[in-house]
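This report refers to the structure that appears directly beneath it.
The values are calculated or read from the model by the stated rules, or taken from the named source; none is laboratory data. Quick caveat: nothing in here was measured; it's all calculated off a predicted structure. As a convention, Cβ positions derive from the backbone with ideal geometry for all residues, glycine included, and neighbour counts pool all protein chains shown.
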Amino acid sequence: MIIAQLMSEHLLGIDTGGTFTDFAYLHNGHLTTHKRLSTPDAPEQAIFEGLATLGLDVLCAAGQLTIIHGTTVATNAALEGRGAKTAYVCNQGLGDLLSIGRQNRADLYSLTPTKKTLSIDQSAIFELPVRRNAKGELITVLDPEAINVLEAALADDPPDALAINLLFSFIDDTEEQVLKARFGPQYFVSLSSQVLPEIGEYERGVATFLNASLGPIIARYLDQLQSKITPSRLAVMQSSGLTLAAEQAAAQAVRLLLSGPAGGLIAARALLASEHLMTFDMGGTSTDVSLIHHDLAISKNMHLNGLPIAIPAIDIQTIGAGGGSIAEIDAGGLLKVGPRSAGAHPGPACYNLGGMAATVTDANVVLGRLPVNQPLADNLWLNAEKAHRAVEELATSLNLSLIETAQGIVTLANETMAEALRLISIQKGFDPKAFTLCCFGGAGGLHLCELAERLGMHQTLVPADAGIFSALGMLAATPGRELTRAVNLRAKDCDPQDIQDRLDDLILVARRALAAEGIDDTTVYPVFEIRYHGQTQTLSVPYLNDLQGAFTEFETQHRNRYGHQLDTSLELVALRVRVAGLPRLKTPLTSESNATKSDQTPQTNPNAVSQQSWQNLILGHAYDGPMIVTANHTCVWVKSGWTLEKLPAGHLKLTRERDSLSDE
């Protein structure tokens, strides 16, 4: 469908989600796609099964396959608290740092506020008598005997990993390096000076602890995966949208928390001819939303389960609304949808795998928007009778009809997603009407029209191969590194040559890491993190070899975002560089991979509407809704009042008259 290759290499993109694992295999310009149920207890199993189904085992054994993988292993382990047993080492007197955190209140007027904290036992926290001041000067020397005491304490109850977070180590990390040299051979060691070398001891501590606890999990998973595909190569997607070699991934585990969702955004930016997109990636378990305004937004404000993850990442918001989101009646007798999901097993009731609870997918089957005359993934055929039975149980309890209940489930899911889309657009000063709403993921096309209407949008886009779009994005991603370094200087104290020297040091570190992967040709994108003196948050400003120009651009950005400027001095807080290699793929091409084949007897649905195969749509012809468009791995519900057109690249453009917005 979408891309031609830079060289005649066998490339495979794999996106492992909570419900489905997607595959995009490209060789000599020919794309083969595949979708199958994930195996959450052993994610690599679904990958091995997919390789066998695609017939790629021989290529793996011959070392001719390059796999780019987006994984939820780190995300799920962090969300569920299943990381490796980790000890936390800090300065004396700072043992409570991770439990105290910041004084921010998410709910200002709540009488019983709660705070998310890391799950760490007090017995696993060790304080060392060592201290540097804010200038990086050593004021309390680390006594070798204190290290011996720490070693003995760790031996009493050995952890799997060690997170070391010492004050101002981002200025001088001598003591952290001493500790790594001592304990590195025995434990997986994570240093704050390497994970997040910036001010903010709490954020640095969270990132360092998560990196340590996730590192052994990622290492075991990738080792199992690599052992099956060796001597072929394996690269892993980072939250920043850049890939890194699998053997380097464990040391950077915290950078994989948005590994899967990043793939879809990379595909949208690289393969769609639009610089103004609002995207939502709706899969079986969750929905990821983002906004592309000229380019991808890289943020350091990511949160996971209420915890700040100050690692550079594509600005993506994730909500618990997917095709597998469970509909149930709450304690007040009202219908609610999500965030609990049926997952891959047992899945929605219509999967016929033992699931009994009604889900968003079941509701779409009842409404006739999801046909049951073709497999949803691999050999998974939907059972309409089971979907009706699950939704009917809710309908009886709510004293509503079957259709009213199904529509209620879909409406609640849509409102949850619409609210997330408002947060990334309206709350940041962007008018949704100025954007095209783009959906991908297997379930996205079923909700596209109604979401656009809720946001007052009149144009939407469904990419070709939308159902495996994140896997496709793995192929479009570039290898690279995103590194940061603290500066903390007033604007008037910044020396251009000193700043350039610091940038050059960062670039050298990134290029050395890429050289270890055999990547020598790179492009550098420097960014400054700037704020007014006294502020907590920074704005990211591109650096174009003009120091004063960067400070001027900060004030312009501040005025555009907050409506004012301050008459106070500026601070350069940190430097950030994005060093990227050449893309593995380039040059758009058109091919059809949306054939819809069915060799089973269709199941009837009294609510079904006109159904068309994506492949058989005529280019340039206008199709009026209501109708269903089916493809191998996704389905698009074209609502009444909307018009569909197939574009030359294979994408679907859906529009509605602007007059229809007058009632909004």
- Query: Conditions: (1) in contact with a Cys (Cβ under 6 Å, 6 or more places away or on another chain); (2) outside the structural domain of Leu455 (by TED's automatic domain parsing). Ser239 meets all but one. Number of the miss?
  - Reply: (1)
- Query: How many residues are outside any strand (DSSP E or B) and either over 20 Å from Met282 (Cβ atoms) or among the hydrophobic types (A, V, I, L, M, F, W, C) (or both) if we restrict to the range 630-649?
  - Reply: 7
- Query: Do you know which residues across the range 123-142 are of a type in the set (Gly, Ala, Ser) and farther than 21 Å from Ser99 by Cβ?
  - Reply: Ala134, Gly136
- Report those strands (runs of 3 or more DSSP E) wholly inside the range 482-589 carrying at least 3 residues which are over 28 Å from Ile426 (Cα atoms). 522-532, 570-581, 585-588
- From the list Leu547, Leu508, Leu539, which one is touching a strand residue (DSSP E or B) at 6+ places or on another chain (Cβ under 8 Å), in the same structural domain as Val487 (by TED's automatic domain parsing) and at pLDDT 90 or above? Leu539
- Query: Could we say that Phe469 is of a type in the set (Phe, Trp, Tyr) and part of a strand (DSSP E or B) here?
  - Reply: no
- Just checking, which of Glu419, Glu393, Glu385, Glu404 is closer than 30 Å to His294 by Cβ, of a type in the set (Asp, Glu) and assigned to a helix (DSSP H, G or I)? Glu419
- One residue from Leu94, Leu98 being closer than 22 Å to Ala161 by Cα, in contact with a Phe, Trp or Tyr (Cβ under 9 Å, 6 or more places away or on another chain) and not assigned by TED's automatic domain parsing to the domain that holds Asp223: Leu98
- Query: Out of (1) of a type in the set (A, V, I, L, M, F, W, C); (2) over 16 Å from Ala321 (Cβ atoms); (3) outside any loop (DSSP other than H, G, I, E, B), what's the single condition that is false for Ile409?
  - Reply: (2)
- Query: Which condition breaks for Arg36 when tested against (1) in a helix (DSSP H, G or I); (2) more than 19 Å from the chain's Cα centre (by Cα)?
  - Reply: (1)
- Message: Among the numbered criteria (1) surrounded by fewer than 21 Cβ atoms within 10 Å (Cβ to Cβ); (2) farther than 22 Å from Thr478 by Cα, which one does Glu275 miss?
- Response: (2)
- Is the range 21-28 home to any residue that is at pLDDT 90 or above, aromatic (Phe, Trp, Tyr) and over 30 Å from Leu167 (Cα atoms)? yes
- Filter pass, Ala268 being out of contact with any Cys (no Cβ under 9 Å at 6 or more places or on another chain) and among the aliphatic types (A, V, I, L, M): no
- Could you run through the range 232-262 and say how many residues are in contact with a His (Cβ under 9 Å, 6 or more places away or on another chain) and in a loop (DSSP other than H, G, I, E, B)? 1
- Considering only the range 166-189, state which residues are touching a residue at least 60 places away in the same chain (Cβ under 8 Å) and not in a loop (DSSP other than H, G, I, E, B). Leu179, Phe188
- Scanning the range 602-647 for residues that are of a type in the set (Gly, Ala, Ser) and surrounded by 13 or more Cβ atoms within 10 Å (Cβ to Cβ), which turns out modelled with the lowest pLDDT? Ala608
- Would the range 251-260 turn up any residue that is outside the structural domain of Thr523 (by TED's automatic domain parsing) and more than 16 Å from the chain's Cα centre (by Cα)? yes
- Query: Looking only at residues in the range 373-393 that are more than 31 Å from the chain's Cα centre (by Cα) and charged (D, E, K, R), which one is surrounded by the most Cβ atoms within 10 Å (Cβ to Cβ)?
  - Reply: Lys386
- Quick one: is Ile266 part of a helix (DSSP H, G or I) and either of a type in the set (Val, Ile, Thr) or at pLDDT 95 or above (or both)? yes
- Query: What is the residue count in the range 202-236 for residues that are touching a strand residue (DSSP E or B) at 6+ places or on another chain (Cβ under 6 Å), of a type in the set (S, T, N, Q) and closer than 24 Å to Leu56 by Cα?
  - Reply: 2
- Item | The one condition in (1) at pLDDT below 95; (2) in contact with a strand residue (DSSP E or B) (Cβ under 8 Å, 6 or more places away or on another chain); (3) of a type in the set (Asp, Glu) that Glu127 fails to fulfil | (1)
- Task: Output the number of the condition that Phe183 fails; it satisfies all remaining conditions of (1) farther than 25 Å from Leu98 by Cα; (2) at pLDDT 95 or above.
- Result: (1)
- Message: Whether any residue in the range 284-307 is out of contact with any strand residue (DSSP E or B) (no Cβ under 9 Å at 6 or more places or on another chain), buried (at least 18 other Cβ atoms within 10 Å of the Cβ) and not assigned by TED's automatic domain parsing to the domain that holds His69 is what I want to check.
- Response: yes
- Item | Search result, residues across the range 309-351 that are of a type outside the set (Gly, Ala, Ser) and under 15 Å from the mean Cα position of the chain (by Cα) | Ile309, Ile311, Pro312, Ile314, Asp315, Ile316, Gln317, Thr318, Ile319
- Note on the structure: Per the list (1) within 30 Å of Thr243 (Cβ to Cβ); (2) touching a residue at least 60 places away in the same chain (Cβ under 8 Å); (3) surrounded by 12 or more Cβ atoms within 10 Å (Cβ to Cβ), residue check on Asp521 breaks on (3)
- Close pairs from the range 350-363: first on the phi > 0 side of the Ramachandran plot, partner in a loop (DSSP other than H, G, I, E, B) and not hydrophobic (A, V, I, L, M, F, W, C), Cβ under 6 Å, at least 6 apart: Asn352/Asn383; Gly354/Pro346
